[in-house]
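Colleague: Take this structure, written in structure tokens, and hold onto it; I'll ask about it next.
The values are calculated or read from the model by the stated rules, or taken from the named source; none is laboratory data. Because the structure is predicted, anything quoted here is derived from the model rather than measured. Because the Cβ atoms are built from the backbone with ideal geometry, glycine has one as well, and the counts that use them run over all protein chains shown. For the accessible areas, the whole protein counts, side chains as well, though only heavy atoms, and no ligand, DNA or RNA atoms are used. Shrake-Rupley method; radii C 1.70, N 1.55, O 1.52, S 1.80 Å.
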Amino acid sequence: MTTDLIMHGSAGTRVAAELRDAILAGTYPPGTRIRQEDVAGRHGASRVPAREALRLLESEGLVKVVANTGAWVTSLNLAECEEIYQIRERLEPLLLRLNVPLLTPEQVDGLDALAHEMERSDDVETFLHLDREFHLSCYTEATTTMLHDTVLRLWNRTQPYRRAYTTVFRSAGDRSAHHEHHLIVSALRRGDADEAERVLASHIRRTRLELARHPEIFDAPAAQPTRADAR
């Protein structure tokens, strides 16, 4: 019995990792239904680890599980997204502040390299991947009871709408996000927690205001992934 539970747990973690990557990459847009049996079949697992994977992703804010019905990729309306961004504006700078004195010069160099790589990239998906790595790498050193997990959950819930926002600001030739990334790196180099907080709060606020200018983003129907896409 114990061995079976361990094996199911390991399989559930693997399935969750694969499904998480697919959701964050946009393979499953907001509102897409994810059936437990399809997850099991596509990821070579039984229904038990598939169910565990969906529960894990629900705890991370990526899916909503409805008992005896199925799971759906988390979707937000404009008001919900604005509320989450307002929470992020307050919590995320605090998390950054806690990490400022703990980040090593080598870690700051790595963040600087990510900021420059983002600036050179012409691909939205590459930018999103690097941007997520940049920000979450700023939060790795401080030990917190719930703040880090809360911030990660908020990031996960807004990921699809960051994709839409990124498409808008890149098509408009807006370079402000890159400028703010470099300002954050400069503040980290100086150990200036006040400035790092201020720039990050402004960075998040600007995204919130831009999303509010494009309410059509929240009306788009979910596109169902094909079997090939979901592998």
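Colleague: What number goes with the only condition from (1) open to solvent by 20 Å² or more (accessible area, probe 1.4 Å); (2) in contact with a Ser or Thr (Cβ under 9 Å, 6 or more places away or on another chain) that L62 does not pass?
Modeller: (1)
Colleague: If you go through segment 159-185 one residue at a time, how many are surrounded by fewer than 19 Cβ atoms within 10 Å (Cβ to Cβ) and out of contact with any helix residue (DSSP H, G or I) (no Cβ under 7 Å at 6 or more places or on another chain)?
Modeller: 6
Colleague: Something else: Which one of these does L188 not meet: (1) at pLDDT below 95; (2) surrounded by 15 or more Cβ atoms within 10 Å (Cβ to Cβ); (3) in a helix (DSSP H, G or I)?
Modeller: (1)
Colleague: Kindly indicate which of R51, R47 is open to solvent by 40 Å² or more (accessible area, probe 1.4 Å) and at pLDDT 85 or above.
Modeller: Going through R51, R47 in turn, just one is open to solvent by 40 Å² or more (accessible area, probe 1.4 Å) and at pLDDT 85 or above: R51.
Colleague: A further question on this structure: When only residues in segment 122-156 that are more than 13 Å from the chain's Cα centre (by Cα) and charged (D, E, K, R) count, which is surrounded by the fewest Cβ atoms within 10 Å (Cβ to Cβ)?
Modeller: Step one: list which residues in segment 122-156 are more than 13 Å from the chain's Cα centre (by Cα), which gives 122-124, 126, 138-147.
With charged (D, E, K, R) added as a condition, the list becomes 122-123, 141.
On the way: D122: 7, D123: 10, E141: 14.
Result: D122.
Colleague: While we're on this one: Counting just the residues of segment 65-94 that are open to solvent by 10 Å² or more (accessible area, probe 1.4 Å) and more than 24 Å from I204 (Cβ to Cβ), which one comes out farthest from the chain's Cα centre (by Cα)?
Modeller: Checked segment 65-94; the qualifying residue farthest from the chain's Cα centre (by Cα) is N68.
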